[in-house]
Amino acid sequence: MPQSLLATDGYKFSMAEAGWPLRKETFYYSHRKGGPQVMPLDLAAWVKSLLPEPQPDDYAFLARHDYEMGVGFKAAILRKERLSVRAIPRGALFLPREPILTITGPSALVSWLEPVLLQLNYRVQVATQALQDREALARTLATVSCEEEKRIALETLDQVGVRAVSIQVDSEGYLRRVRAQVKELVDIVEDPSRIFEVGLRAATCLEQHSLALRACQEAGVQRTSNVGGARQLGMIPVGTMGHEHVQRYGSDDAAYRAMHERRPQRSSYLLDTYDTLTSGIPAAFKLISEEPQGGDSIRFDSGNKKLQYLYAVTRARDLGIKPVIILEDGLDAQMTREFEELRKQVGWEPTTQFYGYGGHIVARTMSHALTRDRVAAIYKLSCSGATPVMKFGNELAEGKQSVPGTPVLFRRRTGTGPLGLVGQAGEATPQGYFPLMESAPSTPTLVGSEGLTPEEQRIGYTATTQALVDSITRRHFPQGR
């Protein structure tokens, strides 16, 4: 069944308008951690089942909330026949950091998929634990948050040939936990309008996220990144910029200006795609200084956010500007208290400091531990037009560097070397390896993962991929990192 066009995050729409919605782009999906895992699905078929079917009232709702979409986006979202999917086969074993799925197609369409596609991690975790220890899985999934979460789990068990386990649905319990979590945050910041919800990518399914939004609304929070959820519950959709926007422009300055100059609404500048202190903050502050009354904001997302915050406040005062500050990425109640205390110490007004919460609200309140954070599921832009791109992030945000190009995965068959090699589409298969993404489906199994050492689980790059990484790194950091 096709998804609603609104079943995604608000920043997907703003980035499409400030970017090139019809440009051919490639994104890839991976888990950064979690050990050996198994794929229970035919990924190509599943991806196609997620594609949106836009309706006129979808566009009307977007326009009413400052996301009026142009002809380029409207054309791109319909070009489903131009979507190309490369994926590991059903039943395949995969390792952390391996790109297991790449999707190429019109920018707006392949980008739109991210929030619902990331929910794949729940299916993978259910399948993997079911094959490892059915009884442990039965304990893990004794209670879930909604009927859709239960249906997905039972469907996954059937796909991997494991007998169903007993699963109870306790939506009221989940609502109660989310409500309490949000109320604690509201009590800390003393004003629910200073909080917004960004947890669609942390949810196991759309129904679960809808429950979380109901609880947020009951606690006074009215803003969410989930556009479909906002329409359903009468909330306000929010979101401006993600890493992909900065990647496709190739520099913080160009990306920020594109957003500022192509959309009349206020912009939020994401600082950490390359480096927060040496690139993100200087570029954002240069633009804000040109129009200091514009109300634009800066958003911290990784690394040592306290250090970044203090530097930004000091530098802003030197320049005589007062950007709105937004904090996200792994925030919890304790971190919120610390940043509120920091705000008071430096004398920053509460009306110009906001907080976005995802997993803390949506996932930490689940009755089981099969969350996105547990495997660190990602979906990253790797090629924009003919240009391979990467996300670097701050040096302290170790492990967040992404893979460029159109990655494919080679699996070792004989000899020595990394079990997985990340190559590029069209590259010759290295000796001793075979192209995993071209393999036939098989019965899902974890056989072969027993006893793998950490070194054996470390992926490698082919010479072609390494050359891409080195070239892009030199381009953005000519003096070295």
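Find all pairs meeting these conditions: Cβ atoms under 7 angstrom apart; at least six residues apart or on different chains; first residue within segment 447-458 and hydrophobic (A, V, I, L, M, F, W, C) and open to solvent by 50 Å² or more (accessible area, probe 1.4 Å); second residue in a loop (DSSP other than H, G, I, E, B) and at pLDDT 80 or above.
none
Given 117, 109, which one is surrounded by 23 or more Cβ atoms within 10 Å (Cβ to Cβ) and either in a loop (DSSP other than H, G, I, E, B) or not small (Gly, Ala, Ser) (or both)?
On the way: 117 fails: surrounded by 23 or more Cβ atoms within 10 Å (Cβ to Cβ).
None of the other options fit; the residue is 109.
Please determine, by comparing only the residues of segment 316-334 that are in a helix (DSSP H, G or I) and touching a helix residue (DSSP H, G or I) at 6+ places or on another chain (Cβ under 6 Å), which one is farthest from residue 252 (Cα to Cα).
So in segment 316-334, the residues in a helix (DSSP H, G or I) come out as 316-319, 333-334.
Among the residues that remain, those that are also touching a helix residue (DSSP H, G or I) at 6+ places or on another chain (Cβ under 6 Å) are: 319, 333.
Working: 319: 19, 333: 30 Å.
Per the criteria, the residue is 333.
Kindly provide the set of residues from segment 184-225 that are in a helix (DSSP H, G or I), within 16 Å of residue 363 (Cα to Cα) and among the aliphatic types (A, V, I, L, M), ordered by number.
Scanning segment 184-225 gives 185, 200, 202, 206, 211, 212, 213, 215.
Which condition number does residue 145 fail, the rest of (1) surrounded by fewer than 22 Cβ atoms within 10 Å (Cβ to Cβ); (2) closer than 23 Å to residue 225 by Cα being met?
Answer for residue 145: the failing condition is (1).
I'm trying to understand the selection: among the residues of segment 1-47, which are closer than 13 Å to residue 101 by Cα, in contact with a Leu (Cβ under 8 Å, 6 or more places away or on another chain) and open to solvent by 40 Å² or more (accessible area, probe 1.4 Å)?
Once the filter is applied, which keeps residues that are closer than 13 Å to residue 101 by Cα, in contact with a Leu (Cβ under 8 Å, 6 or more places away or on another chain) and open to solvent by 40 Å² or more (accessible area, probe 1.4 Å), segment 1-47 yields nothing.
Find the residue count for segment 156-183, including only residues that are open to solvent by 70 Å² or more (accessible area, probe 1.4 Å) and not in a loop (DSSP other than H, G, I, E, B).
Matching residues across segment 156-183 total 7.
Suppose the filter is surrounded by 23 or more Cβ atoms within 10 Å (Cβ to Cβ) and in a strand (DSSP E or B); does residue 102 pass it?
Details: surrounded by 23 or more Cβ atoms within 10 Å (Cβ to Cβ): yes; in a strand (DSSP E or B): yes.
So residue 102 fits the description; yes.
If a residue counts only when it is more than 26 Å from the chain's Cα centre (by Cα), which strands (runs of 3 or more DSSP E) contained entirely in segment 397-476 have at least 1 such residues?
Values: elements: 407-412, 420-424, 433-435.
Passing ranges, in order: 407-412, 433-435.
Go through 340, 328, 349 for me and flag whichever is farther than 21 Å from residue 239 by Cβ and open to solvent by less than 30 Å² (accessible area, probe 1.4 Å).
Numbers: 328 fails: farther than 21 Å from residue 239 by Cβ; 349 fails: open to solvent by less than 30 Å² (accessible area, probe 1.4 Å).
Matching residue, one of 340, 328, 349: 340.
Residue check: is residue 429 open to solvent by 40 Å² or more (accessible area, probe 1.4 Å) and either among the basic types (Lys, Arg) or at pLDDT below 90 (or both)?
Here the answer is no, as residue 429 does not meet what is asked.
Do you know which residues across segment 432-441 are closer than 16 Å to residue 98 by Cα and open to solvent by 60 Å² or more (accessible area, probe 1.4 Å)?
Within segment 432-441, just 438 meets the criteria.
Go through (1) farther than 30 Å from residue 441 by Cα; (2) part of a loop (DSSP other than H, G, I, E, B); (3) among the aliphatic types (A, V, I, L, M) and name the single condition residue 16 misses.
Evaluating residue 16 over (1) farther than 30 Å from residue 441 by Cα; (2) part of a loop (DSSP other than H, G, I, E, B); (3) among the aliphatic types (A, V, I, L, M) leaves (2) as the failure.
Residue by residue through segment 226-249, note down the ones that are in a loop (DSSP other than H, G, I, E, B), without any contact (Cβ under 8 Å) to a residue 40 or more places away in the chain and open to solvent by 10 Å² or more (accessible area, probe 1.4 Å).
234
Within the set of pairs 6 or more residues apart or between chains, which connect a residue that is more than 13 Å from residue 14 (Cα to Cα) inside segment 53-81 to a residue that is part of a loop (DSSP other than H, G, I, E, B) and not hydrophobic (A, V, I, L, M, F, W, C) with Cβ atoms less than 6 Å apart?
That search, which allows pairs on different chains as well, returns 53/2; 76/21; 77/54.
The values are calculated or read from the model by the stated rules, or taken from the named source; none is laboratory data. Remember, predicted model here, so these are calculated numbers, not experimental data. When we count neighbours, we look across all protein chains shown, and the Cβ atoms used for this are built from the backbone with ideal geometry, even at glycine. Calculation scope for accessible area: heavy atoms of the full protein, side chains included, ligands and nucleic acids excluded. Shrake-Rupley method; radii C 1.70, N 1.55, O 1.52, S 1.80 Å.
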